[in-house]
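Enquirer: Pasting a structure below so you can have a look.
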Amino acid sequence: MCWRDFNHQLNRSFPAIASVEYRSRADRWGGHGEELAAWKDGRTGYSVVDAGMRQLRQEWWMHNRARLVTASFLVKDLYLDWRLGAAHFLEWLLDGDIANNSANWQWVAGTGAHTRPYRVLNPMRQAALRSRRGLRPALRARAGRAHRH
Ligand SMILES: Cc1cc2nc3c(=O)[nH]c(=O)nc-3n(C[C@H](O)[C@H](O)[C@H](O)COP(=O)(O)OP(=O)(O)OC[C@H]3O[C@@H](n4cnc5c(N)ncnc54)[C@H](O)[C@@H]3O)c2cc1C
């Protein structure tokens, strides 16, 4: 509840939160394309990312941890613009909310008010930590970038 309150206060003092980076680090994010489509469809090859994205379309909801992992994958692994991910979440989430959605996306992207810009959630490690079945990725690994943690 504190985060919700914080995000709404942030949005009140910074109304452009959905479109303008609160603390820009001059990232040159990528845009629309096949990688974005694969992320939206749950076809990245990373099971924990794909499960979250498919749940979003089937249930219109995702657990907070899945939101963090899928958002981190979009901005830190695919290096695509967080605004594209935020717009997709807002379109599908039952609890979609401009202030909470945008502030959380900016936090993940490293442009937010209280952010740790170098934090990257490794989808392999997150899958191992969060699932008893552990790692069963299809590993087509279209993203194929090296993970830092
Ligand atoms: C990328 C991303 C996008 C998000 N988009 C939204 C959104 O559009 N709307 C939305 O309401 N929340 C959003 N959240 C926050 C969070 O995921 C949801 O509030 C949470 O999943 C709700 O689940 P719950 O009710 O089981 O809450 P619990 O995890 O049980 O938490 C209890 C309450 O605390 C608040 N809360 C918990 N975590 C957060 C958080 N990170 N930010 C703000 N409030 C929080 C919520 O009011 C929640 O109902 C987003 C998080 C991320 C990482």
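Enquirer: Any residue at all in the range 63-78 that is at pLDDT below 85, β-branched (Val, Ile, Thr) and in contact with a helix residue (DSSP H, G or I) (Cβ under 9 Å, 6 or more places away or on another chain)?
Expert: For the range 63-78, residues at pLDDT below 85, β-branched (Val, Ile, Thr) and in contact with a helix residue (DSSP H, G or I) (Cβ under 9 Å, 6 or more places away or on another chain): absent.
Enquirer: Follow-up. Test Arg83 against the criterion of being basic (Lys, Arg), surrounded by 12 or more Cβ atoms within 10 Å (Cβ to Cβ) and at pLDDT 85 or above, and give yes or no.
Expert: yes
Enquirer: Hey, could you check the range 62-72 for residues that are more than 8 Å from the ligand (Cβ to nearest atom) and not small (Gly, Ala, Ser) and say which is nearest to Gly31 (Cα to Cα)?
Expert: Checked the range 62-72; the qualifying residue nearest to Gly31 (Cα to Cα) is Val69.
Enquirer: Taking the conditions exactly as written (within 28 Å of His114 (Cβ to Cβ) and in contact with a strand residue (DSSP E or B) (Cβ under 7 Å, 6 or more places away or on another chain)), does Leu74 satisfy them or not?
Expert: It is true that Leu74 is within 28 Å of His114 (Cβ to Cβ) and in contact with a strand residue (DSSP E or B) (Cβ under 7 Å, 6 or more places away or on another chain).
Enquirer: Now a separate question. Give the range 45-62 a look and list any residue that's within 15 Å of Asp77 (Cα to Cα), small (Gly, Ala, Ser) and crowded, with 19+ Cβ neighbours inside 10 Å, or say none.
Expert: If the condition is that a residue be within 15 Å of Asp77 (Cα to Cα), small (Gly, Ala, Ser) and crowded, with 19+ Cβ neighbours inside 10 Å, then Ser47 is the only one that fits.
Enquirer: Now for a different question. Do you know which of the residues in the range 10-44 that are β-branched (Val, Ile, Thr) and surrounded by 15 or more Cβ atoms within 10 Å (Cβ to Cβ) is nearest to Ile98 (Cα to Cα)?
Expert: The extreme case among them is Ile17.
Enquirer: Let me ask another. Would you point out the residue of the range 73-109, among those that are of a type in the set (Gly, Ala, Ser) and more than 14 Å from Asp27 (Cβ to Cβ), that is farthest from the ligand (Cβ to nearest atom)?
Expert: Looking at the filtered set, the residue picked out is Ala87.
Enquirer: Additional query: Do any residues in the range 1-22 that are within 17 Å of Ala87 (Cβ to Cβ) have Cβ atoms under 7 Å from those of residues that are exposed (fewer than 10 other Cβ atoms within 10 Å of the Cβ) and basic (Lys, Arg), where the two are at least six apart or on different chains, and which pairs are they?
Expert: Sorted first by the residue in the range 1-22, then by its partner, the list stays empty.
Enquirer: Name the residues in the range 101-138 that are modelled with pLDDT under 75 and in contact with a helix residue (DSSP H, G or I) (Cβ under 9 Å, 6 or more places away or on another chain), would you?
Expert: Listed by number, the residues that qualify are Arg130, Ser131, Arg133, Gly134, Leu135, Arg136, Pro137, Ala138.
Enquirer: So, Arg4, is that one near the ligand (Cβ under 8 Å from one of its atoms) and buried (at least 20 other Cβ atoms within 10 Å of the Cβ) or not?
Expert: Considered against the rule, which asks whether it is near the ligand (Cβ under 8 Å from one of its atoms) and buried (at least 20 other Cβ atoms within 10 Å of the Cβ), Arg4 comes out as no.
The values are calculated or read from the model by the stated rules, or taken from the named source; none is laboratory data. Keep in mind it's a predicted model, so treat the numbers as computed, not measured. As a convention, Cβ positions derive from the backbone with ideal geometry for all residues, glycine included, and neighbour counts pool all protein chains shown.
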